[in-house]
Every structure is written in structure tokens, then in C-alpha cells.
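> The following block contains the structure, expressed as C-alpha cells.
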Amino acid sequence: MQPFAYSEPTTLAKATGAAAANADSRYLAGGQSLIAAMKLGLSAPAELVDLARLPELRGIKVEGNGAALTVGAMTPHAEVAASMEVGARIAALAALAGGIGDRQVRNRGTLGGSLANDDPAADYPAAVLGLAATVNTNKRQIAADDFFKGLFETALAPGELIMSVTFPVPKKAAYRKFRNPASRFALVGVFVAQTAQGPRVAVTGAGSRGVFRVKSMEQALARDWSAKALESILVPASELQSDLHASAEYRAHLVGVLAQRAVAEA
Ligand SMILES: Cc1cc2nc3c(=O)[nH]c(=O)nc-3n(C[C@H](O)[C@H](O)[C@H](O)COP(=O)(O)OP(=O)(O)OC[C@H]3O[C@@H](n4cnc5c(N)ncnc54)[C@H](O)[C@@H]3O)c2cc1C
């Protein structure tokens, strides 16, 4: 690992100021991806700006008389999984958080870190896109449809800090994933939701450019919200990734199966 400077600011202004002052700095959340990348030499920031002492980045708030939930960027997965507010309003989100990695990862890993990292097999991007959530940064609000830009690539500008994510409460929702038995990342994960704007279907783990929506499934569900409505819809394997874990054809099959199961569960 390369040597690096470390700061632990106690105000947001100091955190964003430190990041702005050093183009080679990185925010540190739970370190679940970043520290591993640094150990492997894949990332060599000159400075880590630790977000641990910023209480305004943590916690879960019910907004608009229960119409939405706002989850702080530094909220660990375990807290989302155990939250009564999340369980009562978006049970699929609590279940998704509870299915991330193992106990240690869930206690250290954070919502903001997961989204900023944008691993193509991560679970949260499917919920953020499937629920049409809004990513709130220190500079702006970014709609989920505009946030994910490709593999490990987001709309965040250098130094831009994710503060929280606002999830509208759906009429119904469910998440199903076929997990890699070693890492528990999604080989394929499908989040389905009946939202105020209609059905949404978001797929993680499968796309060659990261998380994506399946508009053909959304249109079918708008006509008939049932697992049967999805039976004949195929996601083309040519748009999916193949790797040592699974072929694109197998992933395409899983998208269909998991989408149907998620709709049935929702
Ligand atoms: C063994 C293992 C298994 C895992 N299994 C799963 C799984 O099944 N499903 C899944 O979804 N994930 C899984 N993960 C990933 C994990 O859930 C973390 O969410 C992810 O690694 C990000 O970690 P972190 O929150 O600690 O962020 P860090 O590693 O600290 O940061 C990651 C990146 O995000 C940036 N960043 C962090 N916070 C912010 C912020 N607020 N604003 C802007 N940028 C920010 C950092 O600068 C860095 O570039 C796994 C990880 C491990 C190690």
C-alpha cells in the first residue's frame, strides 16, 4: 500500500474542503472496498478523508408523512436491515440490506460507499434504481436514472459527497438475488416495485454496463402485475456479461426467473 495522509474532519465543511483541496483525496466510509483496492494497488489516494465523525451523514428519517425514507450515506447496511421504519415501509429494502455480504461487511459497509463505488454486482444500486430514489449530495439532487453511468462509474463529480438517499415508499416491492456463494454479491439481482409512476424493474449483477432497467418488463407489469405477465419476456444475453461465475445466457435466464419470483413475492 502507498503512504497516504489521513484526516478525520468533524464538520461537513471541513470534509468537503479537504476533498476540494486535494484532487488525489478520497472519502473513506467503512473501507470495505476502498481499503481492499488500496491494498491491491488498484487505488492510491494521496489522502483519505474519513467520514466517520459526521453524525449528519447517519440515520434514517421518515419524510412527508411516511411517503419517503431518507437514509444517511454513512448508515451501515446492518442498521438499514434492522430498522423498524424501513421494515414497515419498504420491507424489500431492509431485506436487501440484510442480504449484503456477511455480518462484518454489513456492520462496516455503508449506503453511500456502495453507491459511490458502483460495483456492477452490488445490491443497493438495484433498489435505488428500482424505487426511483434520489441521491442527495452536498451540491445537488441526482435522480437514480441519472446517477449510474457504467461499471464503477457514477454521475458524482470529483470531491462530491453523497449525503443521503431518499427512497419514495412504493405500493409494493421485492428484491430477489441469486448470490455468489463466496462473496454474496449478486450474480444477478432483480428489484421490482410498483411505484406512483408505475412499475419499475432494475437488474444488478448482470449488465455489461452495470445496473439497468428492463422497460419491456415494466410495460408488461403496467398491463398486468403478475409473474405470468413476465413469462415470455427475455432479456437479450448479448447485453449481459459473461465471466468465470456465469455465462451471459445463464444470467439472462436468471433475470427472467428472479423477476417473476420478485413480482410474486411483492
Ligand atoms: C467480503 C465482501 C462481501 C461483500 N458483499 C456484498 C454484497 O453481497 N452485496 C453488496 O451490495 N455489496 C457487498 N460488498 C460491498 C459492501 O457492501 C460495501 O458497501 C462496499 O464495499 C462499499 O464499502 P464502504 O461503504 O465501506 O465504502 P468505502 O470502501 O469506504 O468507499 C468506497 C468508495 O466510495 C467512496 N465514498 C464512500 N462514501 C462516500 C460518500 N458518502 N460520498 C461520496 N463518495 C463516497 C470512497 O471514496 C470510495 O471510492 C461486499 C464487500 C466485501 C468486502
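Every number here is computed from the coordinates shown, using simple stated rules; none is lab data. Please read these numbers as outputs of a predicted model, since none were measured by experiment. Glycine gets a Cβ as well: all are built from the backbone with ideal geometry, and neighbour counts include every protein chain shown.
> Which residue, Pro55, Trp225, Leu93, has the largest displacement toward the positive end of the dipole of the chain when charges sit on each Cβ (Lys, Arg +1; Asp, Glu -1)?
Checking the options against the dipole of the chain, the answer is Trp225.
> Also, quick follow-up: So if each residue of separation counts as 0.36 nm, and I subtract the Cα-Cα distance between Leu244 and Glu153, what length gain in nm does that give?
Working it through step by step, the gained length comes to 30.5 nm.
> At a Cα cut-off below 23 Å, give the lysines reachable from Lys215, other chains included and same-chain residues fewer than 8 away excluded.
Output for Lys215: Lys149, Lys171, Lys172, Lys177, Lys228.
> Between Lys172 and Arg209, what is 0.36 nm times their sequence separation minus the Cα-Cα distance? Round to one decimal in nm.
Length difference between fully extended and current span is 10.6 nm.
> Report the Cα centroid-to-centroid distance between region 54-77 and region 222-266 in angstrom, as an integer.
If you average the Cα positions of each part, the centres end up 31 Å apart.
> Grab the beta carbon distance between Arg53 and Ala264, set R0 = 45 Å, and tell me the FRET efficiency rounded to 0.05.
0.55
> Compactness ratio of the chain: Cα Rg over 2.2 N^0.38 Å, N = residue count? Mind dumping the intermediate values first?
On the way: Rg = 18.2 Å, N = 266, 2.2 N^0.38 = 18.4 Å.
Here the answer is 0.99, to two decimals.
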